[in-house]
Amino acid sequence: MITLDTTKLAIIGLGYVGLPLAVEFGKKMPVVGFDINEPRVKDLILGTDSTLEVSNEELKEAVQLKYTSAEDELKNCNVYIVTVPTPIDKNKNPDLTSLIKASAMLGTLVSVGDVVIYESTVYPGATEEVCIPEIEKASGLKFNQDFYAGYSPERINPGDKEHRVTNILKVTAGSTPEIADYVDGLYKSVIVAGTHKASSLKVAEAAKVIENTQRDVNIALINELALIFNRLGIDTEEVLKAAGTKWNFLPFRPGLVGGHCIGVDPYYLTHKAQEIGYNPEMILAGRRLNDNMGSYVVSEVIKLMLKKRIHIAEANILILGLTFKENCPDLRNTRVIDMIEELDQYGANIDVYDPWVDTAEAQHEYNITPIERLENGSYDGIILAVSHDQFKEMGAAAIHNLGKNNHVLYDIKYLLKADEVDARL
């Protein structure tokens, strides 16, 4: 059986999850970091992380980490950690394409005694029902006899410089008691915060998927409250601040719910629930509510513009922010796109400005070309969509100066005070 001393580690997928993990392990032991994105690998070899999750200095500290796009360079490894993305498709069903491809590839590489550990978010049972059969089919080996599996759900929070991979407690699991101990020990070697060993792969998978489902449902409640308070003419932020004086009131805020976790993971759980004959009412209700917030914001902005006798067709509207959250370049599943698509149907001219966004990525993912600089006096409507520090530093006066004499400013993120904007969510 593999021990920490005999571990030859490979990380499959060098994105927001895989790279920070590879860097930490690369400080302790030899690691091969693999990604099919060759430009990404070239940048990492040159010492640059375009996701900004890992600094250039941290990359240099991982002296035992090697980057590659060549499958042949994985052949000498005996432990593989898979961190590929698991998004949803256009019908909001789990898209396991990358996970299946990674598993099939590993099937051509694993040998007797090897361990494959998955970190990608899945529904409970997916590792054993979807991934393992791919490895067995390609390798001819038998699960839990010739090779083994582990699961340790990722808990990366893009853009968060306080909660990093080493100081976030890690859930671990293995396909046998012995492998569970090994997987737990492997992560303990780099995770300062410690680990929690789950009793099975399914328990660990379920734990991951409900972490973000819980947040999604809570945000949906606050979004619904915002819709109610808006009709009552009450400022939602003031209500939440007042309620927040109670010690056990949870500090959620309304907003657009996107990203690779909160806006995606619940659909993995609901997919599995429906597959076994249960209709998850609360989770799906929360999803519907959160998915409709972009349309709601646009409807409110249009009402405000009409009240000011601003024509919607051909109006110039500026959206400040495109990423799914503040202070990071991550565009995955950003719900800002919902507002852009909705405004486009009204014939508005839409500019998007986001200092964190890579223009080429925005063009590739959404066919959007963000503007490079802001012009004063240009806009009929301005929507503050993402709370980047740069927008906070601008302040109300500078943001208003971007508008024409008669314009509307709508603040989704409570960056400005209630009396500094036309409306807040």
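The values are calculated or read from the model by the stated rules, or taken from the named source; none is laboratory data. Everything quoted here is computed from the prediction, not taken from an experiment. Glycine also receives a Cβ, built like all others from the backbone with ideal geometry; neighbour counts cover every protein chain displayed. Keep in mind that these areas ignore ligands, DNA and RNA; they rest on the heavy atoms of the full protein, side chains included. Shrake-Rupley method; radii C 1.70, N 1.55, O 1.52, S 1.80 Å.
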Within the chain, which is the longest segment that contains none of the chymotrypsin sites (Phe, Trp or Tyr not before Pro) sitting in a DSSP loop with at most 10 other Cβ atoms within 10 Å? 1-246
Find, to one decimal place in angstroms, the Kirkwood hydrodynamic radius of the chain, where the mean of 1/r is taken over every pair of different Cα atoms and then inverted. 23.2 Å
Separation of the stretch 1-68 and the stretch 311-329 by C-alpha centroid, Å? 34 Å
Rolling a 1.4 angstrom probe over the protein heavy atoms, how many square angstrom per residue are accessible across the chain? 46 Å²
Here the net charge surrounding Ile88, from other residues whose Cβ is less than 12 Å away from its Cβ (Lys, Arg +1; Asp, Glu -1), is 0
Can you give me the C-alpha center-to-center distance between the stretch 339-372 and the stretch 97-141, rounded to a whole angstrom? 37 Å
Using the Cα centre of the stretch 195-346 as origin and beta-carbon charges of +1 (Lys, Arg) and -1 (Asp, Glu), tell me which of His271, Gly286, Thr334 is placed farthest towards the positive end of the dipole. Gly286
Anchor Lys42: aspartates and glutamates whose Cα lies under 19 Å away (excluding residues fewer than 8 positions away in-chain): Glu53, Glu57, Glu58, Glu61, Glu71, Asp72, Glu73, Asp358, Glu361
Let's see if you can work this out: charge +1 on each Lys and Arg Cβ, -1 on each Asp and Glu Cβ, no other charges. What is the dipole magnitude of the chain about its Cα centre, in debye to the nearest 20? 780 debye
Measure up Lys161/Lys197; Lys60/Lys208; Lys8/Lys161; Lys90/Lys272; Lys202/Lys325; Lys208/Lys272 against 21 Å on the Cα-Cα distance and list the ones that go over. Lys161/Lys197; Lys60/Lys208; Lys8/Lys161; Lys202/Lys325
Which loop trypsin sites (Lys or Arg not before Pro) in the stretch 160-243, with loop taken from DSSP, have no more than 12 other Cβ atoms within 10 angstrom of their Cβ? Lys161
Which of the GluC sites (Glu not before Pro) across the stretch 147-252 are loop residues per DSSP, with 15 or fewer other Cβ within 10 Å? Glu162
Where does helix 336-345 land angle-wise versus the long Cα axis of the chain, in degrees 0 to 90, nearest 10? 50 degrees
